[in-house]
Amino acid sequence: MPWPPPPTQFLAILLLTVLAACHSGSSAASSSSSTTTERRNLTVTTEPRPSTTADPQAADKAAIRKVAEDWNSAVTRLGAAPNPDDPALRRYLTGQLLLNYRALWEQRQRDRIVARPVIHSRRMYRIDGIAISGSVALIRECVVDDDLLVGPENQVLNDDVESAEMVTTAMRAGPTWKLSARAAKRMKGIAGCALQR
């Protein structure tokens with residue numbers, strides 16, 4: 001076992017050790033301080049990173065939403081002036097839904113039945129969700145319809161307020177989407193999804 005160094009050597013080594021520790025402590029403190037400052041600067045100046053969880057179907061959902069909203073506007077317009085040959089039918093619809101609406105506008109045109117908005121209308125249309133699987137999408141829609149149905153002699157045929165919870169199927173048609181089928185649960189008055197405004 002080696003002997004301890006003589007006292008003078010011991011004191012010199014102790015002094016050097018203390019000085020080295022102070023110097024490295026000061027250096028560590030300074031390094032820690034600059035790291036803290038650097039981190040603070042990064043926190044303040046760094047821009048937020050773009051989200052990597054963006055919805056890959058966002059563009060399709062936006063296109064489907066636009067088709068559904070545009071068709072809803074067309075329904076309002078065609079209700080006031082039924083026309084089974086209106087270009088909007090082929091632009092927005094396909095399959096059974098196209099056949100159903102064409103038959104509806106043919107009948108209303110023949111019978112001279114039109115829809116008229118009421119004063120202080122509570123009419124409402126809202127899309128509550130869109131789910132896409134491949135080339136097929138399901139759209140959850142909520143509707144309140146309080147238009148008057150008026151006959152050829154200006155008689156009111158229907159003045160009911162009706163709500164509907166609908167699931168509409170959309171299909172990809174080349175670069176766009178078209179509505180192809182619809183299932184609806186109809187309710188009298190403001191009811192169901194319409195109460196969740």
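The values are calculated or read from the model by the stated rules, or taken from the named source; none is laboratory data. Just so it is clear, the model here is predicted, and its values are computed rather than measured. So basically every Cβ, Gly included, is an ideal-geometry build from the backbone, and we count neighbours across all protein chains shown.
Restricting to segment 96-113, give me the number of residues that are part of a helix (DSSP H, G or I), touching a residue at least 24 places away in the same chain (Cβ under 8 Å), among the hydrophobic types (A, V, I, L, M, F, W, C) and under 26 Å from N154 (Cα atoms).
Here the count works out to 1.
Restricting attention to segment 126-147, which residues are out of contact with any Cys (no Cβ under 6 Å at 6 or more places or on another chain), buried (at least 16 other Cβ atoms within 10 Å of the Cβ) and farther than 21 Å from A173 by Cβ?
Matches in segment 126-147: V143, V144, D145, D146, D147.
Picking from L89, L93, which residue would you name as being free of Cβ contacts under 8 Å to residues at least 60 places away in the same chain, closer than 27 Å to L148 by Cα and either among the small types (G, A, S) or buried (at least 18 other Cβ atoms within 10 Å of the Cβ) (or both)?
One residue alone meets the criteria, L89.
Taking the stated definitions as given, is R108 of a type in the set (K, R) and more than 16 Å from R172 (Cβ to Cβ)?
Yes.
What is the one condition in (1) modelled with pLDDT of 95 or more; (2) under 20 Å from A88 (Cα atoms); (3) more than 21 Å from the chain's Cα centre (by Cα) that G174 does not satisfy?
Of the numbered conditions (1) modelled with pLDDT of 95 or more; (2) under 20 Å from A88 (Cα atoms); (3) more than 21 Å from the chain's Cα centre (by Cα), the odd one out for G174 is (1).
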